[in-house]
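Below is one structure, written out as structure tokens, with a few remarks after it.
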There are 2 protein chains.
Amino acid sequence: MSFVLALDVMGGDKGPEVSLNALKDFLKNNKQVYCLLFGNEKYIIPFLKENPGLKNLVEVIHTDEEITNTTKPLVALRNLKKSSMRLAIQSVAEDKAQAVISSGNTGAYMALSKMIIQTVDQIDRPAIATAIPTLRGQSIMLDLGANPECNIKNFVDFSIMGHIFAQNLFNIASPTIGLLNIGTEEFKGNPLIQEAARQISQLPFLNYSGYIEGDDIMKGTTDIIISDGFTGNIALKTIEGTAFFIGKLFSQEIKNSLLAKLGVLIAQPALKRLKNRVDPRNHNGAVFLGLKKPVIKSHGGTDVKGFCNALKISLKMGQGSFYSDLEKSLDETFSMQSTQNN
Amino acid sequence: MSFVLALDVMGGDKGPEVSLNALKDFLKNNKQVYCLLFGNEKYIIPFLKENPGLKNLVEVIHTDEEITNTTKPLVALRNLKKSSMRLAIQSVAEDKAQAVISSGNTGAYMALSKMIIQTVDQIDRPAIATAIPTLRGQSIMLDLGANPECNIKNFVDFSIMGHIFAQNLFNIASPTIGLLNIGTEEFKGNPLIQEAARQISQLPFLNYSGYIEGDDIMKGTTDIIISDGFTGNIALKTIEGTAFFIGKLFSQEIKNSLLAKLGVLIAQPALKRLKNRVDPRNHNGAVFLGLKKPVIKSHGGTDVKGFCNALKISLKMGQGSFYSDLEKSLDETFSMQSTQNN
């Protein structure tokens, strides 16, 4: 079975080399993948000349229009009709590829995907979801910034999508769901989140565990963490910032002491294992859930290893049963809610 | 000069011993402090018998009514008229003490304080503020949970209060202010936060730096971090959770390797310094800003060292010029806004 992937080569803070080198590694282990490369050929052609083995595994679609990190979503929608990101998304909408991946401008990527690939019929707004490491392994978190403000239906949609995503990505039959709040008691939060909690808890196919707090995220208290995009984005970046903070203090303290340097040298293998467990590259690759086709977003600042992980997620999303499973669950929810309302 | 402090002995997850032992340590170094102890004498009297040196430094006000962590704020307000927390707050409202401290139920403490001590005239809603460690030293963060939903004026009020609080607590003449958002570009977030940003930036006595993101918190990008209480609470608890996560992974990896144990032993002094720099006890003590008198909240789960830090903050808040400075700034803001509207 062959799988066609659309790659926006121009995204990413470190230039096209990151995604191209990651692709090279990825194709070695995934012989069934064929890749459409969207971007400026002045970067792509020299890379393919250096790597002649890739020649039959990729097709180059040249464009010199590019979306940068400062391009406003509206400009990306209205003015840049031939950007590499847009063409890559279009190829999926036109069934020329089964999934699209980019590490470019998130706002533009989401806006273009919504317009071109469109949202699943019963979902109002797509959400950004990613896996994060926790004490129990890993959890799924969404929304991470697509929807700064959410209504009740958005929270319910996120829970259903998170449920199917966790089933597909982690193979957990009945993943637990936690709603991020400022306390675990029923009366905590605001009326919106309280009504969302009530509605989520009424869907029998979801394994709803109740409210969770900020410190539950990394404990892995639940397999899925649901929040609005404002809170989710700030929580995720706070995790990154705190990990950076502790790492930095660690280096500072070690640097100032010869004895500490020696100690760290001796403990090196254990510290490496620790570093590997918190390495964000092992979880790189967010998915825009709720669109009709797989749209995968890599972190803009990642490297070859990180981008490779996002490529793996693209393949999983394209080959798994996420979209048919989601449709089934949405139909079930709809018919249940119709019955309740009659 | 003598300073009278009202202490709710009954708060805290670990029983009255924590606050009483912390007080004992604190009084040794702060001879000017006299303390009113509110709580059940069956805990307090035996402690005073064991510590006869305290006899002339404290007064016991017995009550057997108590607010627990599960008491709903409304019950605390309506039914428990003689709780230790309420009596302690009342003593400050009646000028029998200059500051009140408790490690009890935050919701009940805030509700009782608002009713009894009342909010500063030009402030709509009090906020919970605390210091947190950052790469640049420490920063002030508010609101941490008192106001799950905020309007524009709340954000402006929080900025003014944070400004005066940072001046008083850290002695920074012109502390920088960051508004927590999901991006640093002007168009990020929602209309509410954008208008709040505009209004904060127009107050010339504030040093407004613009939007900051979740990963800026621990970097110490700004001296003050402003957010609504929902986001702030989740960000703070996410910091705690992430620090716990990394600490736990560290122990797990070390435990499994004899060599790593040796390395850690050698690096011990450096690791201790690191631990001290992230120790939440060194920053324990949140302040309910916006009330007419100093109300200090200690973390319920802290120990003697942590509670001692909260006691220091109580003294600072009671002796500093926070309240007169705040009044001046609010008057300045009010007259400026009146001029603009005419």
For the B:LYS255, B:LYS312 Cβ pair and Förster radius 30 Å, calculated FRET efficiency rounded to 0.05 is 0.25
For the stretch B:209-271, go through all pairs of different Cα atoms, get the mean of 1/r, take its inverse, and jot down that Kirkwood value in Å.
-> 14.3
Could you give, in nm with one decimal, how far B:ASN190 is from each other copy of that position, shortest first, with labels 7 Å out from Cα toward Cβ?
-> 0.5
Percent RCO, i.e. relative contact order, over the stretch B:90-173, from Cα pairs under 8 Å lying at least 6 residues apart = 21
Directionally averaged shadow of the stretch A:190-342, computed from the convex hull of its alpha-carbon atoms, nm² | 12.5
Residue farthest toward the positive end of the dipole of the stretch A:62-101, with Cβ of Lys/Arg at +1 and Asp/Glu at -1: which of A:THR63, A:VAL75, A:MET85?
-> A:VAL75
Relative contact order of the stretch A:83-131: what whole-number percent is it, with Cα pairs under 8 angstrom and at least 6 residues apart?
-> 37
If we hang a label 7 Å off Cα along the beta carbon direction at B:SER174, how far is it from the matching labels on the other copies, in nm, shortest first?
-> 6.1
Kindly list the residues of the stretch A:144-160 that lie in the label zone of A:SER324, defined by a backbone N under 14 Å from the point 7 Å along the Cα-to-C-beta vector.
-> none
Could you work out the mean projected area of the convex hull around the alpha carbons of the stretch B:45-102, in square nanometres to one decimal?
-> 4.9
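If you add up the charges near A:GLY214, with Lys and Arg at +1 and Asp and Glu at -1, over every other residue whose beta carbon is less than 11 angstrom from its beta carbon, what do you get?
Around A:GLY214, the charge tally is -2.
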Hey, if we sort A:GLU327, A:GLU65 by accessible area with the 1.4 Å probe, largest down, what's the order?
-> A:GLU327, A:GLU65
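Calculate the mean, over all residues of peptide A:189-195, of how many other protein chain Cβ atoms lie within 10 angstrom of the residue's Cβ.
2
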With every protein chain in place, what's the accessible area of B:HIS62 (1.4 Å probe, Å², nearest 10)?
-> 80
Determine the order of A:LYS72, A:LYS272 by accessible area, beginning with the largest, at a probe radius of 1.4 Å.
-> A:LYS272, A:LYS72
For the stretch B:207-227, list whatever residues lose no less than 10 Å² of accessible surface once every protein chain is in place, relative to that chain by itself, with the probe at 1.4 Å.
-> B:GLU213, B:GLY214, B:ASP215, B:MET218, B:LYS219
So how much accessible area does B:ASP124 have, in Å² to the nearest 10, using a 1.4 Å probe?
-> 90
What fraction of the Cα pairs in chain B, stated in percent, has a spacing above 29 angstrom?
-> 42
Surface share of carbon and sulfur [accessible, 1.4 angstrom probe, percent] for the stretch A:201-334 = 58
What FRET efficiency would be calculated for the residue pair A:ASN151, B:SER2, taking the C-beta separation as r and a Förster radius of 56 Å, to the nearest 0.05?
-> 0.50
For the stretch B:36-155, what is Rg from Cα atoms divided by 2.2 N^0.38 Å, rounded to two decimals?
-> 1.25
Radius 15 Å from Cβ of B:ILE117, net charge of other residues (Lys, Arg +1; Asp, Glu -1) | +3
Residue-normalised value, i.e. accessible area per residue, for the stretch A:150-212 at 1.4 Å probe, in Å², stands at 36
Calculated SAXS-style log₁₀ I(q)/I(0) at q = 0.16, 0.23, 0.24 Å⁻¹ - the stretch B:256-339, Debye, Cα scatterers | -0.77, -1.03, -1.07
Taking the Cα centre of the protein assembly as shown as origin and charging only Cβ (+1 Lys, Arg; -1 Asp, Glu), how large is the dipole, in debye to the nearest 20?
-> 2060
Spin-label pair B:SER174/B:PHE187, simplified geometry with 7 Å Cα→Cβ offset, distance in nm = 3.2
Looking only at Cα atoms, what is the convex hull volume of the stretch A:71-126 per residue, in Å³?
-> 85
Convex hull around the C-alpha positions of the stretch A:124-257: the volume in Å³ per residue is 111
Using a 1.4 Å probe on heavy atoms of the protein chains only, the accessible area for B:ASP121 in Å², nearest 10, reads 130
Just need the Rg to Rh number for the protein assembly as shown, please, alpha carbons only, Kirkwood Rh.
-> 1.01
For A:SER139, which sequence-distant residues (separation of 5 or more, or a different chain) have an amide H within less than 5 Å of its own amide H, given hydrogens modelled in the peptide plane?
-> A:ILE132, A:THR134
Rg and Dmax of the stretch B:159-223, Cα atoms, in Å?
-> 11.8, 34
Fraction of alpha-carbon pairs in the stretch B:1-98 farther than 17 Å apart, rounded to whole percent, equals 50
Normalised per residue, the volume inside the convex hull of the alpha-carbon atoms of the stretch A:108-166 in Å³ amounts to 100
Could you tally the net charge around B:ILE225, taking each other residue with its Cβ under 11 Å from the Cβ of B:ILE225, Lys/Arg +1 and Asp/Glu -1?
-> -3
List the relative contact order of chain B as a percent without decimals, with contacts defined as Cα pairs under 8 Å and 6+ residues apart.
-> 21
So, in nm and shortest first, the distances from B:LYS81 to its counterparts in the other copies, with label points 7 Å along Cα→Cβ, work out as 7.7
Pairs beyond 24 Å (Cα-Cα), from B:LYS96/B:LYS153; B:LYS219/B:LYS248; A:LYS237/A:LYS305; B:LYS31/B:LYS328; A:LYS72/B:LYS219 | B:LYS96/B:LYS153; B:LYS31/B:LYS328; A:LYS72/B:LYS219
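The values are calculated or read from the model by the stated rules, or taken from the named source; none is laboratory data. The structure displayed is predicted, hence computed values, not measured ones. So basically every Cβ, Gly included, is an ideal-geometry build from the backbone, and we count neighbours across all protein chains shown. Surface areas here come from the heavy atoms of the whole protein model, side chains and all, with no ligands, DNA or RNA. Shrake-Rupley method; radii C 1.70, N 1.55, O 1.52, S 1.80 Å.
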